[in-house]
Amino acid sequence: METPSKPIKSLAVLCSGGDSSGMNPAIRSVVRTAIGLGIDIYGIHQGYTGLLEGNIEKLSLSSVSNIIQRGGTILDTSRCLDFHNAEVRQEAAHLLARKHIDGLIVIGGNGSFTGAMNLNKEHDFPVIGIPATIDNDISGTQYTIGFNTAVQTAIEAVDKIRDTASAHSRTFLVEVMGRTASSIALQVGLCTGAEQVVLSNQAVDYQAIVDNINKGKARGKTSSIIIVAEGEKAGLSYQIKDTLQAQYSLGVHVCILGHIQRGGSPTAIDRTIASKMGYAAVHALYEGNHAHVTAFNNGDVQIVPLSDCLGKKTDISEESQLKLIRALAI
Ligand code: F6P
């Protein structure tokens, strides 16, 4: 444990980047833990943008009442491109100093953590990250808040699509979020018994898609669900649909699940991990860990250096997950 250079008397918390279900339980935990330790706690609205605008309010125990079950974030969020700029970060550091805030808790993804890391390096400002994104793609942590809720929402949607696909003997391409990460697609594919999963980091094997559908038909299957990982930009499914139609005369339907995956009441897993991470974040800063992340590894929350969590995670189990999905979809 590092020795605190200055006792923490006052902290601020913000959400940054795409929201994810579980941010509210994390905020609740941060606020209640801080107040329990006698620390003043401030909420910054709209992420780094709100920080620069001074959109800051002192939070009380009741500010976070009745939010553990709510999706979104009571603090709102933003993607603040200006925070890439060192002068802007200096302004932020001055603002935090003027408000007598001794440390900042950033709930978000690795882009948001990079901003926090720079603030720490350039201004020796204590920061801690709480990993939260539905994509589950941050290096250094096996889990990010919101992933389980997003997967659950997508599973429920695919189950419904399965009903109509089956009633009409149709093939559906169901596109899930996750940007270039495959975690949502793989877990949804496995849990919905999808016939196939198309990952955005691999070339689409059209012949394999068609062969698989034909093989299914030969054994009496009338419908198929293909989960598509969206990739850099939503809409990949429409390209696949057009190619299947043009080159293989195969008609398919497309359903892009989109932002429905970001909202909704957090699952028990997200509420639990968010509550643990919020508590750990405040304690970490209080105990003098000044540039860290509350990672979830090997079944529990641990404090790891922020520098471990700035990149995208490489999912080494991708191939084995695909293998399992294929093995069960014969
Ligand atoms: O990073 C989270 C995420 O939901 C991705 O899965 C998705 O591609 C992206 O954000 C969408 O971002 P926005 O809501 O800004 O369009």
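The values are calculated or read from the model by the stated rules, or taken from the named source; none is laboratory data. On a predicted model such as this, the values are computed, not experimentally measured, just so you know. Here the Cβ positions follow ideal geometry from the backbone for every residue, glycine too, while neighbour counts run over all protein chains shown. To get the accessible areas, we keep the full protein, side chains included, count just its heavy atoms, and leave off ligands, DNA and RNA. Shrake-Rupley method; radii C 1.70, N 1.55, O 1.52, S 1.80 Å.
Structure notes:
- Percent of beta bridges antiparallel (DSSP, the chain, rounded to nearest 5): 25
- Taking θ as phi - 60° and the Karplus parameters 6.51, -1.76 and 1.60, the scalar couplings of segment 132-139 work out to 9, 6, 5, 6, 6, 10, 8, 5 Hz in sequence order, x denoting glycine and proline.
- Of the solvent-accessible surface of the chain, computed with a 1.4 Å probe and all protein chains present, 50% belongs to carbon and sulfur.
- Positive-end ranking of N298, I316, M277 along the dipole of segment 264-330, with charges on Cβ about the Cα centre, is headed by I316.
- Take the Cα of S60, go 7 Å toward its beta carbon, and the backbone nitrogen atoms of segment 18-44 under 20 Å from that spot belong to 27-44.
- Accessible surface area normalised per residue over the chain is 43 Å², counting heavy atoms of protein chains with a 1.4 Å rolling probe.
- Compactness of segment 171-310, taken as the C-alpha radius of gyration over 2.2 N^0.38 Å, stands at 1.39.
- Over all distinct Cα-Cα pairs of segment 268-316, the Kirkwood formula returns a hydrodynamic radius of 11.6 Å.
- Highest average first, the peptides 116-125, 267-276 ordered by how many other beta carbon atoms sit within 10 Å of their residues are 267-276, 116-125.
- Summarising the amide proton neighbourhood of G129: residues at separation of 5 or more, or on other chains, whose placed amide H is nearer than 5 Å comprise V106, H292, V293, T294.
- In Å², nearest 10: area of F113 left accessible to a 1.4 Å probe: 0
- 29 Å Cα-Cα reach of K276 towards lysines, excluding residues that sit fewer than 8 places from it in its own chain: K6, K9, K58, K99, K121, K312, K313
- Sequence-distant residues sharing a close amide H with Y42 (under 5 Å, placed H): L11, A12, V13, L59
- Among 301-308, 25-32, 129-136, sorting by the average number of other beta carbon atoms lying within 10 angstrom of each residue, highest first, gives 129-136, 25-32, 301-308.
- Nearest-0.05 FRET efficiency for D242 and K217, computed from C-beta distance (R0 25 Å): 0.70
- Computed from the C-beta positions of V204 and K160 and an R0 of 30 Å, the FRET efficiency is 0.75 to the nearest 0.05.
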